[in-house]
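For reference, the structure discussed in these notes is given below.
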Amino acid sequence: MANDELIPHLFRTEYSKITVVLCKLFGFENIEMAEDIASDTFLSASELWGLNGPPENPVAWLYTVAKNKAKNHLKHQAVFQNRVAGHLSRSVEGMELPEIDLSAGNIRDSQLQMIFAICHPAILAEAQIGLALRILCGFGIGEIADAFLTNKETINKRLLRAKDKLRAESIKIEFPGKVEINKRLETVLRTLYLIFNEGYYSASSNMILRKDLCFEAMRLTHLLLENEATNKPAVNALFSLMSFQSSRFEARMDQQGEVILYDDQDAGLWNKEMIEQGEQFLNLASEGDKLSKYHLEAGIAYWHTIKADTAEKWENILQLYNHLLQLEYSPIAALNRTYALSKANGKAAAITEAKKLNLANLHLYHLLLGELYTGIDNGEAKSYLEQALKLASSTADKKIITQKLEKLSYLDNL
């Protein structure tokens, strides 16, 4: 790998590991110091490797430099005595400087503990996602802003408020107790689910960023699976869902970055290994007697990996949506359930159900009705699609709706 590719790659994979370990050692009180040391380590790598080329073991070099920079910082900065010492797990007076453990095991444990710290109930959901992307995934402020379709200033303010809250609540980076870990796990899974969705359904045009968001969500979810205390059926179900969804990633976009709808996707581009992985973890999720939304969504995603348009497929999807809406209602799930109803029981039944939803402020509602009325009453279909176009905000959605209107006009002119 060329030097200009190596450092960005290692920044993505190693920056967060260094930051998390240092933050765990120093506490949230000094999170900026941990981030600065990690950033400075990569600055040194950029300068020295640019002159001399990368070392034989770049990761080991980064860890060694990070350790040395952290120790030098502790030795020479007054913050060590005034602010850090009180947050270390033991007094350092008269002792050697604390060991900075960047072993694989400690990195893994530190990351897992950080997930639970970030997902503390005192932290707002949107801030939990931002903190996870910044601290655990090493995303830059600009990347996070791009993912949320907002600006750097907004993200900076959000993260600063969240960090202040972590300090004010004296939240520790550690595994919660057995009872607390089960309570907190639900919040952790929701955060990882939302990070994945930010990548999978994002309106951002940055394809690399979108994939990275999905893969980071999967990596963090897999950390939970590797730990006995958090390897629960719902975690397996979420990882299964992510695997099924990721299997169709390459088929969802054309070479110009335009969205390809499910019915038009080339099933030959679906990743069979990811589908098999999804099936494996869905089977593991079947243990226990608690059914989560992730089980149901993974089941729906599984049936979508079967391209054949069969009655069995859509009846199963419909029943899964029925259970999902009973467990946790959402407008999008209700719309998706109505589409499944149209495939299982016909468009007329779906139109009747769709009109009961009262979601006239959503462009997807009008888009669905436009789709359902096509071939039944093309005038109604056109009216709904035009309303959908008015309400749509993203360029991708507007293009899809425009294409449907053009197709409708073509059919009317035949």
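May I ask you to give the average projected area over all directions of the convex hull of the Cα atoms of the range 373-414, in nm² rounded to one decimal?
Directional mean of the projected Cα hull area for the range 373-414 stands at 2.6 nm².
So for the chain, considering every pair of alpha-carbon atoms, how many percent are separated by more than 34 Å?
40
Across the range 168-299, how many lysine pairs, 8 or more apart or on two chains, come within less than 28 Å at their alpha-carbon atoms?
Pairs that pass both the separation and distance tests number 15.
Please report, in Å, the Rg and the Dmax of the range 1-53, where both are computed over Cα atoms only.
12.3, 37
Towards the positive end of the charge dipole of the range 222-329, with charges on Cβ (+1 Lys, Arg; -1 Asp, Glu), say which of Ala301, Asn271, Ala311 has the farthest Cα.
Ala301
Arrange the peptides 311-317, 56-62 so that the one whose residues have, on average, the most other Cβ atoms within 10 Å appears first.
311-317, 56-62
Just the accessible area per residue of the chain, please: how many Å² with a 1.4 Å probe?
Per residue, the chain has an accessible area of 50 Å².
May I ask you to work out the translational diffusion coefficient for the range 238-330 at 25 °C, viscosity 0.890 mPa s, via Stokes-Einstein with Rh from the Kirkwood sum over Cα pairs, reported in whole µm²/s?
175
First measure r as the distance between the Cβ atoms of Thr154 and Ser46, then evaluate 1/(1 + (r/R0)^6) with R0 = 30 Å and state the FRET efficiency to the nearest 0.05.
Here the calculated transfer efficiency is 0.60.
Translational D (Stokes-Einstein, µm²/s) of the range 275-414 at 37 °C and 0.692 mPa s when Rh comes from the Kirkwood sum over C-alpha pairs?
200
Over the range 128-186, what is the relative contact order in whole percent, taking alpha-carbon pairs under 8 Å and six or more residues apart?
After rounding, I find 24 percent.
Taking the Cα centre as origin and putting +1 on Lys and Arg beta-carbons and -1 on Asp and Glu beta-carbons, what dipole magnitude results for the range 209-344, to the nearest 20 debye?
Value, rounded to 20: 260 debye.
What's the center-to-center distance, using Cα atoms, between the range 231-271 and the range 388-405 in Å?
Result: 22 Å between the Cα centres.
Of the listed peptides 9-15, 216-222, 365-371, what is their order by residue-averaged count of other C-beta atoms within 10 Å, with the highest listed first?
365-371, 216-222, 9-15
Under a straight-distance cross-link criterion of Cα-Cα below 22 Å, which lysines are reachable from Lys75, leaving out those fewer than 8 residues away in the same chain?
Lys24, Lys67
State, as an integer percentage, the relative contact order of the chain based on alpha-carbon contacts under 8 Å between residues 6 or more apart.
It rounds to 10 percent for the chain.
At a 1.4 Å probe radius, carbon and sulfur cover how many percent of the accessible area of the range 290-414?
52
Arranged from highest to lowest average of other beta-carbon atoms within 10 Å per residue, in what order do the peptides 377-383, 260-266, 297-303 appear?
Taking the mean over residues of other Cβ atoms within 10 Å, the ranking is 297-303, 377-383, 260-266.
Taking the Cα centre of each part, how many Å lie between the range 136-162 and the range 298-355?
35
The values are calculated or read from the model by the stated rules, or taken from the named source; none is laboratory data. Keep in mind that what you see is a predicted model, and the values were worked out from it rather than measured. Neighbour counts run over all protein chains shown; Cβ positions are idealised from the backbone, glycine included. Ligands, DNA and RNA are stripped out before the accessible areas are found, and what is left, the full protein with its side chains, is counted by its heavy atoms. Shrake-Rupley method; radii C 1.70, N 1.55, O 1.52, S 1.80 Å.
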